[in-house]
Amino acid sequence: MPKQILILSSSPRKGGNSDTLCDQFALGAREAGHSVEKVRIPEHRIHYCTGCGVCVGGKSACPQQDDMAGLLDRVIAADVLVLATPVYFYTMAAQMKTFIDRCCARYTEITGKDFYFIATAADGSEPALERTIEGFRGFLSCLTGSREKGIVYGAGALSLIHI
């Protein structure tokens, strides 16, 4: 049965290592007959969570005026979510962490999803990426019925930017 897959790429560099792996994941998913949408988080205006508490317990929507409300609608509608990040200083990129934090407003609606993780790092060992993967797992532990389905490790993916 075809699924609706939403790929969330947090790479600040379009065409960077993790972003490229997102494209390859999308290609394979489409070939398998699934519907795929890729969102590049850095191309959206997402403010940091301020911890104001307005959204706690579904009392009210997040008061921030940015792109997050629309993105959350897409997250909730998807069957499968792919979280992709470059690894900086052995943890996820700030863009992904900001996105995850802002899910607070509607996290109780993100239910029954399958999740895949993509993480890339210059360090050549998969264990070096585990802190990032554990960060993703911490997010999933807050989501009812979430299932980790797979991980793509891009260890040893050093890209040099020439200026």
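All of the numbers you see were taken from the coordinates with simple rules; none came from a lab. Remember, it's a predicted structure, so these values are computed and weren't measured experimentally. Neighbour counts run over all protein chains shown; Cβ positions are idealised from the backbone, glycine included.
Structure notes:
- The orientation-averaged projection of the convex hull spanning the C-alpha atoms of region 35-163 amounts to 8.9 square nanometres.
- Backbone N atoms of region 97-138 closer than 17 Å to the 7 Å Cα→Cβ label point of SER60 belong to residues 104-106.
- Given +1 at the Cβ of Lys and Arg, -1 at the Cβ of Asp and Glu and no other charges, the dipole of the chain around its Cα centre is 240 debye to the nearest 20.
- Proximal charge balance of PHE136 [Cβ under 11 Å; K/R count +1, D/E count -1]: 0
- The chain: antiparallel DSSP beta bridges as a percent of all, rounded to 5: 5 percent
- Calculated P(r) tail over 18 Å for region 92-152, as whole % of Cα pairs: 37 percent
- Leading residue at positive end of dipole, region 4-155 (Cβ point charges), from ALA93, ALA155, HIS44: HIS44
- Nitroxide proxy distance, nm - points 7 Å out along Cα→Cβ at HIS34 and ARG13: 2.7 nm
- A simple spin-label model places pseudo-atoms 7 Å from Cα toward Cβ; at ASP101 and LEU27 they are separated by 3.5 nm.
- Of the chymotrypsin sites (Phe, Trp or Tyr not before Pro) found in region 75-112, the ones in coil according to DSSP and having at most 11 other Cβ atoms within 10 Å of their Cβ are PHE89.
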